[in-house]
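Worksheet: one structure, shown below.
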Amino acid sequence: MGRVDRKPKAVRERKVLTTMRLRRSLRDELEAAAQRSRRSVSDVAQELLEEGLRMRLCPGIYFADEPSGRTAKVNGTGPGVWEVLRDLRNDKDLERLRRTFSHLSEAQLTAALMYYRRYQEEIRREVDANAAWTPETIEKAFPGLVRFFPAE
C-alpha cells in the first residue's frame, strides 16, 4: 500500500530540460516547499504545474494531501473524486449517484464527472488501492496502531 501514483506514465515519460524565469519570491516558496517535503524543487514545481493545469481543465476540483498522497477533491466538500465516483465504473446510473450524494450540487457532481472522464485510470487506481485495505493489511502495515473487533 502507500502513495497512489496518479500518472504511472509520468515515470516512463521522458523529462525535458526547461528553463524558466521566476520571481525571486516564487523561487523561494518553491525551495521552501521542496525542503518541507524533502523533494527537489523540480519535482515540486512539476506537481504544482500539473495540478494547476488539471484544475483549469476541470473547474471545481482541487488537490489535497491524504495519507496515500495527493488526491483530487471536489470543491466545497471533503471527499475525493474517487470516493464520489467509486461505484460509477460498475454502475453507470447517474440518478443513483445524485441520490447517494444529494448534498453535492449539480456543479460539484459535474466537476467530479468531468475529472473522472479525463483521468479514469487515476480514479480506478485510487479506488483499487482503497479496496485493497482490509483489517489484515492495515494490521500488517501498521502493527498495533488499530484494533479490529469482530462484529457481534
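The values are calculated or read from the model by the stated rules, or taken from the named source; none is laboratory data. In this text the structure is predicted, and so the values were computed from the model without any measurement. FYI the Cβ positions are ideal-geometry reconstructions off the backbone, even for glycines, and counts take in every protein chain you see. Calculation scope for accessible area: heavy atoms of the full protein, side chains included, ligands and nucleic acids excluded. Shrake-Rupley method; radii C 1.70, N 1.55, O 1.52, S 1.80 Å.
Provide a single number: the residues in the stretch 9-55 that are under 22 Å from Gly80 (Cβ atoms), among the polar types (S, T, N, Q) and open to solvent by 80 Å² or more (accessible area, probe 1.4 Å).
Residues flagged as under 22 Å from Gly80 (Cβ atoms), among the polar types (S, T, N, Q) and open to solvent by 80 Å² or more (accessible area, probe 1.4 Å) within the stretch 9-55 amount to 1.
Quick one: Ala129 ticks every box in (1) in contact with a Lys or Arg (Cβ under 8 Å, 6 or more places away or on another chain); (2) closer than 30 Å to Asp43 by Cα bar one, so which box is it?
Against the list (1) in contact with a Lys or Arg (Cβ under 8 Å, 6 or more places away or on another chain); (2) closer than 30 Å to Asp43 by Cα, Ala129 comes up short only on (1).
Regarding the stretch 129-142, can at least one residue be identified that is hydroxyl-bearing (Ser, Thr, Tyr) and free of Cβ contacts under 8 Å to residues at least 40 places away in the same chain? Reasoning before the result, please.
Step one: list which residues in the stretch 129-142 are hydroxyl-bearing (Ser, Thr, Tyr), which gives 134, 137.
Narrowing further to those that are free of Cβ contacts under 8 Å to residues at least 40 places away in the same chain: 134.
Yes, that holds for at least one residue.
Report yes if some residue within the stretch 51-67 is closer than 21 Å to Trp133 by Cβ and among the charged types (D, E, K, R); otherwise report no.
So in the stretch 51-67, the residues closer than 21 Å to Trp133 by Cβ come out as 64-67.
Subset that is among the charged types (D, E, K, R): 65-66.
Within the stretch 51-67 (the criterion being closer than 21 Å to Trp133 by Cβ and among the charged types (D, E, K, R)), the answer is yes, since at least one residue qualifies.
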